[in-house]
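Below: the structure, in structure tokens.
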């Protein structure tokens, strides 16, 4: 019997999106990752996905090469970041599609990033709080890559181990408690 077929986006070694961001935008990048991963779109995020003991630059290059898409968390800080520029340049060389998520209303495409990103329509997310604006992001990413978006499963309550539903809640009287032994009263001396 052959092993079950694993789709590329379910393989741990194959992230859907590499998240390029300035260190100062780590909170916003993490929020973007939470939204995408809740829709089962695997992300690669530094420093989270850099193995302990690995060389930083090698891990970044490997993460970009294995990802299908580069998501640029765009702000004034990322515009000034040489690391973000290098990541965008490498993704361009690797012919990766790119999506710019603009989180800063004052950020303008200038300098070297303008060369790579000026022709790409960005995803606007400049108001606060950030999360409500990201609702369309998973479907946008999935549409760019022609992959399915799977909504997260609804939460379910765990059953009480070994108990029947009618046994899980039982009323107890004060008499029941006193019959089982002395009552501990920390306030009584």
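Can you work out which of the residues in the stretch 35-53 that are without any contact (Cβ under 8 Å) to a residue 40 or more places away in the chain and surrounded by 13 or more Cβ atoms within 10 Å (Cβ to Cβ) is farthest from residue 139 (Cα to Cα)?
Here the answer is 50.
If we keep just the residues of the stretch 127-139 that are touching a strand residue (DSSP E or B) at 6+ places or on another chain (Cβ under 9 Å) and surrounded by 16 or more Cβ atoms within 10 Å (Cβ to Cβ), which is modelled with the lowest pLDDT?
133
When you look at residue 89, is it over 19 Å from the mean Cα position of the chain (by Cα) and either exposed (fewer than 14 other Cβ atoms within 10 Å of the Cβ) or farther than 25 Å from residue 125 by Cα (or both), yes or no?
Answer is no for this residue.
Would you be able to tell me the number of residues in the stretch 95-116 that are closer than 18 Å to residue 145 by Cβ and surrounded by 14 or more Cβ atoms within 10 Å (Cβ to Cβ)?
Result for the stretch 95-116: 6.
The values are calculated or read from the model by the stated rules, or taken from the named source; none is laboratory data. The shown structure was predicted, so the numbers you read here are calculated from the model rather than taken from an experiment. So basically every Cβ, Gly included, is an ideal-geometry build from the backbone, and we count neighbours across all protein chains shown.
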